[in-house]
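Undergrad: Once you've had a glance at the structure underneath, I'll fire off some questions.
The values are calculated or read from the model by the stated rules, or taken from the named source; none is laboratory data. Quick caveat, the model's predicted, so the values are computed rather than measured. Methodologically, a virtual Cβ is constructed for each residue, glycine included, from the backbone with ideal geometry; neighbour enumeration extends over all protein chains shown. When the accessible area is computed, the model is the full protein with side chains, heavy atoms only, and any ligands, DNA or RNA have been set aside. Shrake-Rupley method; radii C 1.70, N 1.55, O 1.52, S 1.80 Å.
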Amino acid sequence: MRRHPREGHHPRERHPARERWRAVPLSARLVTIITVLLLVGLASAGITTLTVLHAHLVQQVDDELTSRGEELAERTVDQLVAGRAQQAILPSNYYLAIQLQGGHTVEIPNPHLQQQLGTPRLPSVDLDDLDRTPTPVTLDGNGSHIHWRAVTYPLSAGGPTVGAVTVALPLVSVDATMASTGKLLVVSGLLIAALGALAAWAAVRRSLRPLREIEATAGAIAAGDLSRRVPAQPPTTEVGSLAHSLNVMLAQIEQSFAAQRASEQRMRRFVSDASHELRTPLSTIRGYGELYRMGGVADVGQAMSRIEAEAKRMGALVEDLLQLARLDEGRPLDLRPVDLTAVAADAVADLRAVAPDRAARVVALTGDGAPAPLTVRADENKIRQVVANLVGNVLQHTPAGTPVEIAVGLPEDGWALLEVRDHGPGIAREDADRVFERFFRVDLSRTRSSGGSGLGLAIVAAIMGTHDGGVRIVPTPGGGTTVQVAMPIAGPREKPPAPAPAPPDAPAPAPPATGEAAAVLRDPPAPAHEATRREGPDTPAPAAEGGPGQAAPSSRTTPARTPDAD
């Protein structure tokens, strides 16, 4: 039976010592490692020093033995043959022994030296193998721990070797020097290791200070302060690179949390506004129903008419919400060639039919003449709804008789621009962008005297977002509001698979202040009839103040009134 390769496999056992080492703080581990390395280095240096010093001192003893030993041996033998006393023969530190054939040995020690240090333990000598060039060797003490350095010379009387003469010097001074030097090295090594450990602790603590700052920052962020950042460090260091990466990550996290909070606030406001908008018609319908059930309705026709009107209003609101939800889902568009000039002309014709008292016309983007046909690739129904919403917004929020122009043109290659200009009270500059938010209204009383649902401009922004276009509001020169709609002539680019649908609180695609569409949105020129009315028939129309992407200030002094975003 074949054994499975994983059969009998056991996970790696954890060693208690390794686990304890991992539990030690990083600073303590670094200091320990540095101290151990310092001790190892000092120990290696000390051992090397002692080895070299011992070899040097022994070499000095060897030099003394080889330089004086042979002479001393010959002189001693001559004096012994002459019958002189042993005590006067040797220098104080030397030991001399004569080994003769037959194993007889004659020792000539210094009595004082022998009493203090003893004598060396002489090995047996083979006279036949005795080298004529003796080599110093180390001998142990005879009954003591004293070491001796000895050299042996052959003894002959002009013929064959008859014995051997061994001359020895004690290594007491060498051992004493080695002991004192070893103690000095140990003490100095421990002192240097202690100072090195203190220096390492200070250096490691200083080097890890940025990590402690990162830890403090992380703790503050965990406590809820998302604005904290790691202090900047040189980017060439590891800590600096880490700090930079963490700051980028923290900025993204802060932005994400800010976006989440803003989304939650928009969600709450959206639910509140939607509930309010639906509650009003429902309350009206329920009130009339209860009144009719109680027999208190005198004019049933009028009651049914009010119920029908509120039901239509509620249905329109639900339809607008449903349309925004579909736009958020990113459903595919029915793209085909669309003539923007024809769409604008149809919108003007509808406006004239609804409000004959208004002067409405289609003009070129620059100048006052009729525009040429302009074909773009877009969803015709969606584009017509954009223009209808903008024209309907003008009808609801400008006084009767206010003139309206719809301008169509090519501001630059590849882009089409449509402008709906009115000459009414206008919109405050700080509210020009927010009117594209769903249910946004400067009037916090939530009145609906105009009858709008508050979602018209949000639908416009969402539709233009699906077309890779943009929309924004700027003042009309001479007073009023101009809504600019920009879109690519070639149509929207193909997009990857649509993400999950956005929640209903998600803002409509913002009027582009950046990107390709931002360069297309421009300040509208003053219409010719407005310039004539303000400056006279012979005065040319003044250019709008500000450059591309900058709103021109209004010259009207009428207080700005913000319309509901229908």
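Undergrad: Assuming a ≥ b ≥ c are the square roots of the Cα gyration tensor eigenvalues, decide whether segment 280-390 counts as rounded (a/c under 1.5), prolate (otherwise, with a/b larger than b/c) or oblate.
TA: oblate
Undergrad: Another question, then. Rounded to the nearest 0.05, what FRET efficiency is calculated for A342 and R429 with R0 set to 25 Å and r the Cβ-Cβ distance?
TA: My answer for the efficiency is 0.15.
Undergrad: Which residues among segment 195-238 fall inside the zone where the amide N is under 13 Å from a point 7 Å beyond the Cα of R29, along Cα→Cβ?
TA: none
Undergrad: Also, I was wondering about something else. To the nearest 0.05, what FRET efficiency results for L53 and A258 with a Förster distance of 51 Å applied to their C-beta separation?
TA: 0.10
Undergrad: Per-residue counts of other Cβ atoms within 10 Å, averaged by peptide: what ranking do you get for 381-393, 303-315, highest first?
TA: The packing order, highest mean first, is 381-393, 303-315.
Undergrad: Answer with one residue from T366, P281, A353: the one whose Cα lies farthest towards the positive end of the charge dipole of segment 280-428, charges on Cβ with Lys, Arg +1 and Asp, Glu -1.
TA: The listed residue farthest towards the positive side: P281.
Undergrad: Sticking with this one: What's the FRET efficiency of D126 with H147 using the Cβ-Cβ distance as r and R₀ = 25 Å, to the nearest 0.05?
TA: With R0 = 25 Å, the Cβ-Cβ based efficiency is 0.60.
Undergrad: If you don't mind, another one. Could you please state how large a percent of the accessible area of segment 229-331 is carbon and sulfur, counting protein chains only and using a 1.4 Å probe?
TA: The value for segment 229-331 is 58 percent carbon and sulfur by accessible area.
Undergrad: Going by average Cβ neighbours within 10 Å, how do the peptides 149-156, 471-478 rank, with the highest at the top?
TA: Taking the mean over residues of other Cβ atoms within 10 Å, the ranking is 471-478, 149-156.
Undergrad: Mind checking the full-extension length gain between V40 and D357? Use 0.36 nm per residue of separation minus the Cα-Cα distance, one decimal, nm.
TA: 104.0 nm
Undergrad: Does segment 229-331 come out rounded, prolate or oblate by the C-alpha gyration tensor, with a ≥ b ≥ c the root eigenvalues, rounded set by a/c under 1.5 and, if not, prolate when a/b is larger than b/c and oblate if not?
TA: It is prolate, given that a/c is not under 1.5 and a/b is the larger ratio.
Undergrad: How long is the gain from V300 to R206 if the chain were fully straight, where each residue apart is worth 0.36 nm and the alpha carbon distance is subtracted?
TA: Computed gain between V300 and R206 is 25.1 nm.
Undergrad: Any chance you could run the full-extension gain for Q116 through Q101? It's 0.36 nm times the residue separation minus the Cα-Cα distance, nm to one decimal.
TA: Working it through step by step, the gained length comes to 2.4 nm.
Undergrad: Where in segment 393-428 is the amide nitrogen less than 18 Å from a point lying 7 Å along the Cα-to-Cβ axis of R493?
TA: Only 413-416 pass the distance filter.
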